[in-house]
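Inspection log for the structure reproduced underneath, given as C-alpha coordinates.
The values are calculated or read from the model by the stated rules, or taken from the named source; none is laboratory data. Because the structure is a prediction, the values reported are computed rather than measured. FYI the Cβ positions are ideal-geometry reconstructions off the backbone, even for glycines, and counts take in every protein chain you see.
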Amino acid sequence: MIFLTRKAEFSAAHYYWVESWSDEENWRVFGKCANRNGHGHNYTLEVTVTGEVDPVSGFVVDLKELKDILEREVVSVYDHRHLNLEVPEFRTAVPTTENIAIAIWNRLDGKIPNARLHRVRVYEMPDLFADFYGEKA
(Lines give C-alpha, C1' and ligand atoms only; values in the text may rest on other atoms or scores of the structure.)
Protein backbone atom coordinates (compact mmCIF):
# COMPACT_ATOMS: atom_id res chain seq x y z
CA MET A 1 0.00 0.00 0.00
CA ILE A 2 1.32 3.45 -0.90
CA PHE A 3 0.55 6.75 0.79
CA LEU A 4 1.19 10.11 -0.84
CA THR A 5 1.14 13.39 1.12
CA ARG A 6 0.82 16.90 -0.27
CA LYS A 7 1.31 20.04 1.82
CA ALA A 8 -0.42 23.39 1.55
CA GLU A 9 -0.35 26.50 3.72
CA PHE A 10 -2.88 29.13 4.65
CA SER A 11 -3.12 31.98 7.14
CA ALA A 12 -6.33 32.59 9.03
CA ALA A 13 -7.75 34.20 12.14
CA HIS A 14 -10.14 32.67 14.64
CA TYR A 15 -11.35 32.75 18.21
CA TYR A 16 -12.86 30.12 20.48
CA TRP A 17 -16.37 30.78 21.78
CA VAL A 18 -19.43 28.71 22.60
CA GLU A 19 -22.57 30.85 22.31
CA SER A 20 -24.55 28.81 24.83
CA TRP A 21 -21.92 29.40 27.54
CA SER A 22 -21.59 32.49 29.69
CA ASP A 23 -18.78 34.95 29.04
CA GLU A 24 -17.12 33.71 32.23
CA GLU A 25 -17.25 30.07 31.12
CA ASN A 26 -15.79 30.90 27.69
CA TRP A 27 -12.93 32.84 29.30
CA ARG A 28 -12.35 30.08 31.86
CA VAL A 29 -12.16 27.33 29.23
CA PHE A 30 -10.52 29.16 26.32
CA GLY A 31 -8.48 31.88 28.05
CA LYS A 32 -7.02 34.47 25.70
CA CYS A 33 -8.27 32.46 22.71
CA ALA A 34 -11.78 33.65 23.65
CA ASN A 35 -10.95 37.21 22.58
CA ARG A 36 -13.75 37.95 20.09
CA ASN A 37 -11.40 40.08 17.97
CA GLY A 38 -9.54 36.88 17.14
CA HIS A 39 -5.92 36.01 16.57
CA GLY A 40 -4.13 34.44 13.64
CA HIS A 41 -2.03 31.44 12.69
CA ASN A 42 0.00 30.32 9.72
CA TYR A 43 -1.46 26.85 9.24
CA THR A 44 0.20 23.96 7.45
CA LEU A 45 -2.07 21.35 5.92
CA GLU A 46 -0.96 17.84 5.00
CA VAL A 47 -3.33 15.72 2.95
CA THR A 48 -2.46 12.04 2.58
CA VAL A 49 -4.09 9.88 -0.07
CA THR A 50 -3.77 6.22 -0.90
CA GLY A 51 -4.45 4.23 -4.03
CA GLU A 52 -2.94 2.14 -6.75
CA VAL A 53 0.19 3.37 -8.50
CA ASP A 54 -0.51 3.86 -12.19
CA PRO A 55 1.91 1.53 -14.01
CA VAL A 56 2.53 4.07 -16.79
CA SER A 57 2.78 7.42 -14.95
CA GLY A 58 4.03 6.00 -11.65
CA PHE A 59 1.59 8.29 -9.81
CA VAL A 60 -1.19 7.53 -7.34
CA VAL A 61 -2.75 10.86 -8.34
CA ASP A 62 -1.96 13.64 -10.74
CA LEU A 63 0.08 15.92 -8.46
CA LYS A 64 -0.98 19.11 -10.21
CA GLU A 65 -4.62 18.11 -9.96
CA LEU A 66 -4.21 17.37 -6.23
CA LYS A 67 -2.59 20.76 -5.71
CA ASP A 68 -5.42 22.43 -7.65
CA ILE A 69 -8.05 20.62 -5.54
CA LEU A 70 -6.38 21.74 -2.29
CA GLU A 71 -6.23 25.30 -3.60
CA ARG A 72 -9.87 25.33 -4.71
CA GLU A 73 -11.44 23.47 -1.80
CA VAL A 74 -9.33 24.73 1.12
CA VAL A 75 -6.73 27.41 0.55
CA SER A 76 -8.91 29.79 -1.47
CA VAL A 77 -11.67 29.43 1.15
CA TYR A 78 -9.56 29.66 4.35
CA ASP A 79 -6.54 31.80 3.43
CA HIS A 80 -6.58 35.33 4.88
CA ARG A 81 -10.05 34.78 6.32
CA HIS A 82 -11.53 35.07 9.77
CA LEU A 83 -12.75 31.50 10.15
CA ASN A 84 -15.57 32.30 12.61
CA LEU A 85 -16.97 35.08 10.45
CA GLU A 86 -16.24 34.07 6.87
CA VAL A 87 -16.18 30.26 6.60
CA PRO A 88 -19.64 28.64 6.74
CA GLU A 89 -18.70 25.50 8.70
CA PHE A 90 -17.42 27.61 11.60
CA ARG A 91 -20.54 29.71 12.10
CA THR A 92 -21.66 27.02 14.55
CA ALA A 93 -18.50 24.96 15.23
CA VAL A 94 -15.57 26.28 17.24
CA PRO A 95 -12.60 26.49 14.81
CA THR A 96 -10.20 24.41 16.88
CA THR A 97 -7.38 22.57 15.17
CA GLU A 98 -9.44 19.38 15.52
CA ASN A 99 -12.56 20.89 13.93
CA ILE A 100 -10.52 22.46 11.13
CA ALA A 101 -9.07 19.02 10.28
CA ILE A 102 -12.59 17.50 10.22
CA ALA A 103 -13.96 20.35 8.09
CA ILE A 104 -11.12 20.01 5.58
CA TRP A 105 -11.73 16.26 5.37
CA ASN A 106 -15.38 16.96 4.60
CA ARG A 107 -14.38 19.47 1.91
CA LEU A 108 -12.02 16.97 0.22
CA ASP A 109 -13.70 13.60 0.72
CA GLY A 110 -14.71 12.11 -2.63
CA LYS A 111 -13.12 14.89 -4.68
CA ILE A 112 -9.70 13.36 -5.39
CA PRO A 113 -9.85 11.21 -8.54
CA ASN A 114 -8.29 7.74 -8.49
CA ALA A 115 -7.32 7.96 -4.81
CA ARG A 116 -8.87 7.60 -1.39
CA LEU A 117 -8.39 10.24 1.28
CA HIS A 118 -6.43 8.67 4.13
CA ARG A 119 -5.49 11.48 6.51
CA VAL A 120 -5.84 15.21 6.99
CA ARG A 121 -3.25 16.77 9.29
CA VAL A 122 -3.51 20.44 10.27
CA TYR A 123 -0.67 22.21 12.05
CA GLU A 124 -1.80 25.30 13.94
CA MET A 125 1.76 25.78 15.21
CA PRO A 126 4.90 23.68 14.74
CA ASP A 127 4.24 21.90 18.04
CA LEU A 128 0.44 21.58 17.73
CA PHE A 129 -1.40 19.54 15.11
CA ALA A 130 -4.48 17.38 14.68
CA ASP A 131 -4.94 14.30 12.49
CA PHE A 132 -8.29 13.17 11.12
CA TYR A 133 -8.82 9.82 9.43
CA GLY A 134 -12.44 10.16 8.46
CA GLU A 135 -14.27 8.55 11.32
CA LYS A 136 -15.64 10.48 14.26
CA ALA A 137 -15.03 8.82 17.59
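The set of residues in the stretch 96-119 that are in contact (Cβ under 8 Å) with a residue 24 or more places away in the chain, hydrophobic (A, V, I, L, M, F, W, C) and out of contact with any Phe, Trp or Tyr (no Cβ under 6 Å at 6 or more places or on another chain) comprises 100, 104, 108, 112, 115, 117. In the stretch 124-131, is there at least one residue being at pLDDT below 95, farther than 16 Å from residue 12 by Cα and not hydrophobic (A, V, I, L, M, F, W, C)? No; the residues of the stretch 124-131 include none that is at pLDDT below 95, farther than 16 Å from residue 12 by Cα and not hydrophobic (A, V, I, L, M, F, W, C). Can you pull out every residue in the stretch 33-56 that is in contact (Cβ under 8 Å) with a residue 40 or more places away in the chain and either crowded, with 16+ Cβ neighbours inside 10 Å or touching a Ser or Thr at 6+ places or on another chain (Cβ under 6 Å) (or both)? Hits for the stretch 33-56 are 38, 41, 43, 44, 45, 46, 47, 48, 49, 51.
Let's see how each residue does on (1) under 16 Å from residue 97 (Cβ atoms); (2) under 20 Å from the mean Cα position of the chain (by Cα); (3) of a type in the set (Val, Ile, Thr):
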{"site": "3", "(1), (2), (3)": "no, yes, no"}
{"site": "8", "(1), (2), (3)": "yes, yes, no"}
{"site": "11", "(1), (2), (3)": "yes, yes, no"}
{"site": "29", "(1), (2), (3)": "yes, no, yes"}
{"site": "41", "(1), (2), (3)": "yes, yes, no"}
{"site": "46", "(1), (2), (3)": "yes, yes, no"}
{"site": "52", "(1), (2), (3)": "no, no, no"}
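Within the stretch 10-32, count every residue that is more than 18 Å from residue 91 (Cβ to Cβ) and without any contact (Cβ under 8 Å) to a residue 60 or more places away in the chain. Talk me through it step by step, then tell me what you get.
So in the stretch 10-32, the residues more than 18 Å from residue 91 (Cβ to Cβ) come out as 10-11, 22-25, 27-29, 31-32.
Those left that are additionally without any contact (Cβ under 8 Å) to a residue 60 or more places away in the chain: 22-25, 27-29, 31-32.
Qualifying residue count, the stretch 10-32: 9.
State which residue is surrounded by the fewest Cβ atoms within 10 Å (Cβ to Cβ) when the search covers only the stretch 13-27 and only residues that are more than 18 Å from the chain's Cα centre (by Cα) and outside any loop (DSSP other than H, G, I, E, B). Before you say what the answer is, go through the steps one by one.
Keep residues of the stretch 13-27 that are more than 18 Å from the chain's Cα centre (by Cα), which gives 17-27.
Filter once more, keeping what is outside any loop (DSSP other than H, G, I, E, B): 23-27.
Details: 23: 10, 24: 8, 25: 12, 26: 20, 27: 15.
So the residue we want is 24.
Selection of first residues in the stretch 77-95 that are on the phi > 0 side of the Ramachandran plot and of second residues that are surrounded by fewer than 14 Cβ atoms within 10 Å (Cβ to Cβ), restricted to Cβ pairs under 7 Å at least 6 apart or on distinct chains, gives the following pairs, ordered by first then second residue: 80/11.
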